[in-house]
Amino acid sequence: MMWQTWVSSYRLYFQMVSASIRAQMQYRYAFFMNILGWAMSYAGTAVTMWVMLHSFQTLEGWTLWELIFLFALAVLSWGVCVLFFFHFRSLDQYIVNGTFDRFLVRPIHPFFHFMAMKFDIGAFGQLLFSVLALGIAYWKLELSWGLEKWAVLCGAIIGGTLIQGGILVLISAMAFWTTRSERFYWVVMFPTKSMMNFPLTLYPRLLQWFFIFIVPFAFVNYLPALFLLEKYHPSYSTFWGTLSPFVGFLFFGGCFRIWMAGLNRYKSTGS
C-alpha cells in the first residue's frame, strides 16, 4: 500500500512539472530572453574575473581558467538547483496568504507538491553558461580525465544541487515558525553563494571550517575542484572532493527533516 502511494505521488509530481513547463512556454519570447539574461549575467562575472587576473595573474595560487572552472562548477549545480528548489524561498507568501493549506489536502506529499509547483526552466541560462564555461576551461587547462574524474564531476553536480537545495529548503522552513523567510535568502544565501565563486582560502580559517563542517558549501565546488584540477592544499585532502554527493544527501536529509518538523507545527493564518 505504501509503495502504491509513493508511485502515485511521483506520477502526480511529474504531471504537475509537465503542466508547469507548458505554462512557462506560453510566453516564449520572455522565456528565451530570461535564459539569455541569466547567461549574460554570469558571463559578466567571468569577465570581471578576467579583468582582476589580468593585473594579478593568480589569486591564492589559482589561475584565470582555474577560477573560471571553479565558478562554472558552482553555477552548474546552482542551475540544477534552481530548476527544482528556487521557489522555496517564497514559501512565506503562501503561508501569510493562507494559500499553503491547499498543499495539505491533495493526494501528494506537501513537500513534493510544493516542489512541483514550479519547474523553473529559466535556469537553462545558468546551465548554458556553466556548460560552455566548463568546456572552455577544460580545453584551456588541457585536462584529460579518466572515468574516475568524470564520475567525481557528476557527483559534485549532484552534491552541489542537494547542498544548495537544502539551504533553500531550510530557509523556507523558517516560515513555519516566523511566517517570513524570503529575506533570509537575500541576507544569507545570496552573499554566501557569491563567496563560493572564489577559492575558500581567501577567507579566515574559522569561516573555511564553517563552510566545510556546518554549512558545507565547500563541497559544492572548491573541494571537488581540488581533486579535479589536482591542486594541492596542506589542510584539505583532495579526497574530500569525492565526498560531495554523500555530504549532499546527508545535508539535504537534515534540512528536509527540519522542514517536516515545521510542517507538523504549521497552523493556517486563516487569511
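Looking at segment 144-167, can you tell me whether even one residue there is in contact with a Lys or Arg (Cβ under 9 Å, 6 or more places away or on another chain) and under 18 Å from Val75 (Cβ atoms)?
Here is the first cut: in segment 144-167, the residues in contact with a Lys or Arg (Cβ under 9 Å, 6 or more places away or on another chain) are 164, 167.
Checking the rest, the ones that are also under 18 Å from Val75 (Cβ atoms) come to 164, 167.
Yes, that holds for at least one residue.
Are any of the residues in segment 145-154 of a type in the set (Lys, Arg) and part of a helix (DSSP H, G or I)?
yes
Going by the conditions given, is Phe210 at pLDDT 95 or above and assigned to a helix (DSSP H, G or I)? Quick ask: steps written out before the conclusion?
Numbers: at pLDDT 95 or above: no; assigned to a helix (DSSP H, G or I): yes.
So Phe210 fails the test.
Show me the helices (runs of 4 or more DSSP H) entirely contained within segment 1-110 in which 3 or more residues are at pLDDT below 70. Quick ask: steps written out before the conclusion?
On the way: elements: 2-24, 28-56, 64-85, 91-97.
In segment 1-110, 2-24, 28-56 are the helices (runs of 4 or more DSSP H) which contain 3 or more residues that are at pLDDT below 70.
Can you find a residue in segment 194-206 that is part of a helix (DSSP H, G or I), touching a residue at least 40 places away in the same chain (Cβ under 8 Å) and at negative phi? Please lay out each step first, then the result.
Narrowing segment 194-206 to residues part of a helix (DSSP H, G or I): 194-195, 200-202, 205-206.
Filter once more, keeping what is touching a residue at least 40 places away in the same chain (Cβ under 8 Å): 201-202.
After this cut, where a residue has to be at negative phi as well, the list is 201-202.
Within segment 194-206, one or more residues are part of a helix (DSSP H, G or I), touching a residue at least 40 places away in the same chain (Cβ under 8 Å) and at negative phi.
Among Ala116, Ala133, which is surrounded by 16 or more Cβ atoms within 10 Å (Cβ to Cβ), in contact with a helix residue (DSSP H, G or I) (Cβ under 6 Å, 6 or more places away or on another chain) and over 30 Å from Leu263 (Cα atoms)? So that I can check it myself, show each step before the final result.
Details: Ala116 fails: over 30 Å from Leu263 (Cα atoms).
Just one listed residue meets the conditions, Ala133.
Can you tell me which residues in segment 172-198 are hydrophobic (A, V, I, L, M, F, W, C) and either within 28 Å of Phe69 (Cβ to Cβ) or touching a Gly at 6+ places or on another chain (Cβ under 9 Å) (or both)? Step through it out loud before you land on a result.
Keep residues of segment 172-198 that are hydrophobic (A, V, I, L, M, F, W, C), which gives 173-177, 184, 186-190, 195-196, 198.
Answer for segment 172-198, where residues must be hydrophobic (A, V, I, L, M, F, W, C) and either within 28 Å of Phe69 (Cβ to Cβ) or touching a Gly at 6+ places or on another chain (Cβ under 9 Å) (or both): Ala173, Met174, Ala175, Phe176, Trp177, Trp186, Val188, Met189, Phe190, Met195, Met196, Phe198.
Conditions (1) under 20 Å from Val80 (Cα atoms); (2) in contact (Cβ under 8 Å) with a residue 60 or more places away in the chain; (3) hydroxyl-bearing (Ser, Thr, Tyr), marked per residue:
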{"residue": "Ile108", "(1), (2), (3)": "no, yes, no"}
{"residue": "Phe114", "(1), (2), (3)": "yes, no, no"}
{"residue": "Gly122", "(1), (2), (3)": "yes, yes, no"}
{"residue": "Glu142", "(1), (2), (3)": "no, no, no"}
{"residue": "Leu147", "(1), (2), (3)": "no, no, no"}
{"residue": "Gly159", "(1), (2), (3)": "yes, yes, no"}
{"residue": "Ser172", "(1), (2), (3)": "yes, yes, yes"}
{"residue": "Arg180", "(1), (2), (3)": "no, yes, no"}
{"residue": "Tyr185", "(1), (2), (3)": "yes, yes, yes"}
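Here is a list: Val47, Val51, Val80. Which entry is under 24 Å from the mean Cα position of the chain (by Cα), surrounded by fewer than 19 Cβ atoms within 10 Å (Cβ to Cβ) and of a type in the set (A, V, I, L, M)? Full working, then the answer.
Details: Val51 fails: under 24 Å from the mean Cα position of the chain (by Cα); Val80 fails: surrounded by fewer than 19 Cβ atoms within 10 Å (Cβ to Cβ).
Answer to the check: Val47.
The values are calculated or read from the model by the stated rules, or taken from the named source; none is laboratory data. Please read all numbers here as calculations on a predicted model, not as lab measurements. Quick reminder, even Gly has a Cβ in these numbers, built from the backbone with ideal geometry, and neighbours come from all protein chains shown.
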